[in-house]
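Where a number appears in this text, it was derived from the coordinates with a stated rule and is not lab data. Note that this is a predicted model, so its numbers are computed, not measured. Glycine also receives a Cβ, built like all others from the backbone with ideal geometry; neighbour counts cover every protein chain displayed.
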Amino acid sequence: MLLEDLKKKDIILASRSPRRKQLLESLGIDFRIEKPDDCEKYPPGLEREEIALYIAVKKAESVIPGKAAGQIIIASDTIVCIDDTILNKPADRTEAVQMLKRLSGKEHFVITAVCIADIFKTRSFYSETKVRFAELPDEEIEYYIDHYKPWDKAGAYGIQEWIGYIGIEKIEGSYFNVMGLPVQKLYAGLKEFIKE
C-alpha cells in the first residue's frame with residue numbers, strides 16, 4: 001500500500017499554504033514542510049496550465065538542493081483564469097473586490113499543478129476545475145473580504161470559506177483542486193512516482 005511505502009521516505013511539502021498542509025494530512029501521509037522560494041513569476045507566452053506547471057516545478061527546484069536519496073518533494077501552484085486572464089493573489093482590498101466582481105455571475109477555471117521530485121527525477125501534472133459563481137452583491141463581496149481577508153488566495157477567494165458556501169452554484173471537476181491540491185491525482189501520481 002502506498003502509505004506504507006511512503007513511511008520509508010522523507011516526504012517534504014514545499015508550500016506556505018495551510019490548505020495544502022491540511023489536505024496532505026487528510027491523505028494520511030507523514031510529511032514535513034519546507035517553504036519554497038517565491039516563484040510566482042513566469043515567462044510570457046505560456047498557456048494557463050503551463051503557467052501553473054512552470055511555477056510548481058520552480059517551487060520544487062528551490063527546495064531540492066542538498067537533498068538525498070529517499071527524500072521526495074511535493075510542490076504545487078494554483079491559478080484562477082477567466083476570459084484568458086490570470087487572476088493571481090490580490091495585492092490589496094481594492095484588487096480583491098475587483099477580482100470577485102469579475103467572477104460574479106460567471107464561469108472561470110481553476111488550474112492546480114503538482115510537481116513530485118527527488119534528486120533523480122521530476123514528474124508534474126495538473127488538474128482543471130470549472131467553477132460558476134452566482135451574482136454576488138457588492139455588500140456580500142465586501143463582507144467576505146473584510147472578514148476572511150483572502151490575500152493569499154488566487155482569485156481572492158477560498159471555496160471552503162463563506163463565499164464558497166453562499167456563492168458557488170456549480171463546479172465541474174475536483175473540489176479539492178479548487179482548495180489548492182488535487183488529492184486524488186496526487187495520490188495516484190505518488191504511486192507511479194515510487195514505482196519508477
Could you tell me which label, among [x] -0.55, -1.17; [y] -0.60, -1.03; [z] -0.50, -1.08, carries the value of log10 I(q)/I(0) by the Debye sum over Cα atoms at q = 0.11, 0.17 Å⁻¹ calculated for this structure?
[z]
On a C-alpha basis, how far is the centre of the stretch 55-72 from the centre of the stretch 154-175 in Å? Whole number, if you could?
31
Electrostatic dipole magnitude of the stretch 1-105 [Cβ: Lys, Arg +1; Asp, Glu -1; Cα centre; debye, to 20]:
360
Given the DSSP H assignment, sum -39500 (n - 2.57) over each helix run of at least 4 residues in the chain and divide by its residue total; what's the result at 222 nm in deg cm²/dmol, nearest 500?
-11000 deg cm²/dmol
Who wins for biggest fluctuation among TYR148, TYR157, TYR165 in a Gaussian network model of the chain, springs between alpha carbons below 10 Å?
TYR165
For the stretch 30-93, calculate the relative contact order in percent as a whole number, restricting contacts to Cα pairs under 8 Å that are 6 or more residues apart.
30
